[in-house]
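The next block holds one structure in the form of structure tokens; read it before the comments.
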Amino acid sequence: MKALITGITGQDGAYLASHLLNLGYGVYGLMPRRSTPTTWRLEYLGILDRVKLIEGDLADPTACVGAVMESMPDEIYNLGAQSFVATSWKQPLLTAQATGLGAMNMLEAIRRIKPDTKFYQASTSEMFGGMKERPLQDEETPFHPRSPYGVAKLFAHWATINYRESFNIFGCCGILFNHESPLRGIEFVTRKVSDAVARIKLGKQKDLHLGNIDAKRDWGFAGDYVKAMHLMLQQEKPDCYVVATGVTTTVRDMCRIAFGHVGLNYEDYVVIDPEFYRPAEVEVLLGNPAKARRVLGWKAETSLEDLMSMMVDADLRRVSEGRL
Ligand code: NDP
Ligand code: GDP
């Protein structure tokens, strides 16, 4: 089996590549050109020399066509995106092109070159956004995105369903709730916190500036979540699934757990800074993973306590070794 992963240099791309290699897949990855190296996550997992990287940007339809022609994959996992919500207000059109249109570029490449390719779209709980009155979100919950990122993801989500209905493409959407790991980008709140905890503990930082710490998220471990992506493409019929833990926690309590892991009290270090407030906030995300459990046999294996311990320990090692 051959898989093409867009966004292979990101958090999920690296964990998914590792998972698929362990299952015996040949793994290709689409990688946009950057001025500095971006393959550190693949190196961290020890798999850089086991994947075939194809240069190309999702916003460039010819690159998508080229990647499909070169890899002729059985499965495509479309994980490539401008994925940071806060940035999507600063670069909305870039977000629309990479995160939204990019999915359609890939779907078009499949339709024209290899229509039997199975397609996974990385949809997100950010598509639910402002649905406060339905606190437990599942596959039937109406969407109300609250950021240009959420809007772009909703386009990609419906494009995948539309290509399934229009052209019989085997397209699945995983509506994944927040998932984190030591490989999470440093701008996301869990990793920002684990990095700060390590630096504060080692005397390299004094405090931690955060925005809305009353927001609630359903946080899981990325290593668990990529397994659900693969399982979706092994089913008889394409479908959409919520992937979540079913537990929601405030940013405040996540801080309490992370600082507590090294014997510190978060209240002594966290400073509320309006710079990190967003133009529109998603206050509560809480997913119902019952369908993924029932149909895929998948469940989240890692608690938030274990996840934050894993992340803080990894950052303590990284900071004390002077790695970036
Ligand atoms: P990351 O931000 O870690 O990875 C995104 C990847 O996409 C990177 O490899 C990035 O490359 C690449 N990329 C960005 N722009 C382009 C482009 N124009 N063309 C090709 N590749 C591009 O995200 P995650 O791994 O955390 O998430 C994977 C996917 O799942 C994303 O689509 C994300 O939006 C979605 N998702 C993530 C959730 C989470 O909690 N992690 C929750 C729900 C959905 P580079 O680094 O060089 O820019
Ligand atoms: P998101 O759910 O994809 O936006 O993931 P993030 O990790 O970026 O943000 C999760 C929640 O943490 C959001 O409600 C943010 O508003 C909140 N938050 C509070 N302070 C910060 C901060 O300093 N950085 C980030 N990234 N998020 C913060």
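The values are calculated or read from the model by the stated rules, or taken from the named source; none is laboratory data. Here the structure is a predicted model, which is why all the values come from computation and not from measurement. For neighbour counting, all protein chains shown are included, and Cβ atoms are generated from backbone atoms with ideal geometry for every residue, glycine included. Heavy atoms of the whole protein, side chains included, go into the accessibility calculation; ligands, DNA and RNA do not. Shrake-Rupley method; radii C 1.70, N 1.55, O 1.52, S 1.80 Å.
Computed from Cα atoms alone, the Kirkwood hydrodynamic radius reported for segment 185-284 is 15.5 Å. Cross-link partners for Lys90 among the aspartates and glutamates, with Cα-Cα distance under 14 Å and sequence neighbours closer than 8 places in the same chain left out: Glu275. Accessible-area rank, largest first, for Ile113, Ile161: Ile113, Ile161, with all protein chains present and a 1.4 angstrom probe.
Please work out the C-alpha center-to-center distance from segment 67-90 to segment 103-161 and express it in whole Å. Taking the Cα centre of segment 103-161 as reference, the centre of segment 67-90 is 12 Å away. Arg318 contributes an accessible area of around 20 Å² to the protein surface, as traced by a 1.4 Å probe with all chains present. Full extension of the chain between Asn168 and Val271 gives 31.9 nm of extra length, using 0.36 nm per residue less the Cα-Cα distance. Between segment 1-56 and segment 197-246, how many Å separate their Cα centres? Between the Cα centre of segment 1-56 and that of segment 197-246, the gap is 19 Å. Taking segment 141-288 as the region of interest, the number of lysine pairs whose Cα atoms are within less than 24 Å, with members eight or more places apart or on different chains, is 9. Axis of helix 102-113 versus longest Cα principal axis of the chain: the two differ by about 20°, to the nearest ten degrees. Of Thr160, Thr38, the order by accessible heavy-atom surface (1.4 Å probe, DNA, RNA and ligands excluded), from most exposed downward, is Thr38, Thr160. The order of Tyr241, Tyr28 by accessible area, most exposed first and with a 1.4 Å probe, is Tyr28, Tyr241. The dipole here belongs to the chain: it is taken about the Cα centre, uses +1 on the Cβ of Lys and Arg and -1 on the Cβ of Asp and Glu, and is about 320 debye.
Computed from backbone phi, the HN-Hα couplings of segment 26-32 come to x, 10, 10, x, 8, 9, x Hz, rounded to whole numbers (Karplus: 6.51 cos²θ - 1.76 cosθ + 1.60, θ = phi - 60°; Gly and Pro given as x). The length gained on full extension between Ser303 and Met72, counted as 0.36 nm times the residue separation minus their Cα-Cα distance, comes to 79.4 nm. At a Cβ-Cβ separation cutoff of 4.7 angstrom, cysteine residues of the chain with no neighbouring cysteine are Cys64, Cys172, Cys255. Per-residue ellipticity at 222 nm from helix content only, as computed over the chain with -39500 (n - 2.57) for each DSSP H run of at least four residues, stands at -11500 deg cm²/dmol.
For Cα pairs less than 8 Å apart in space and 6+ apart in sequence, what is the mean separation divided by the residue count of the chain, i.e. the relative contact order in percent?
17
Per residue, the accessible area of the chain comes to 44 Å² when a 1.4 Å probe rolls over the protein heavy atoms. The distance between label points at Arg317 and Lys227 comes to 2.1 nm (points 7 Å beyond Cα on the Cα→Cβ vector). Counting protein heavy atoms only, segment 98-175 has 54 percent of its accessible area on carbon and sulfur, 1.4 angstrom probe.
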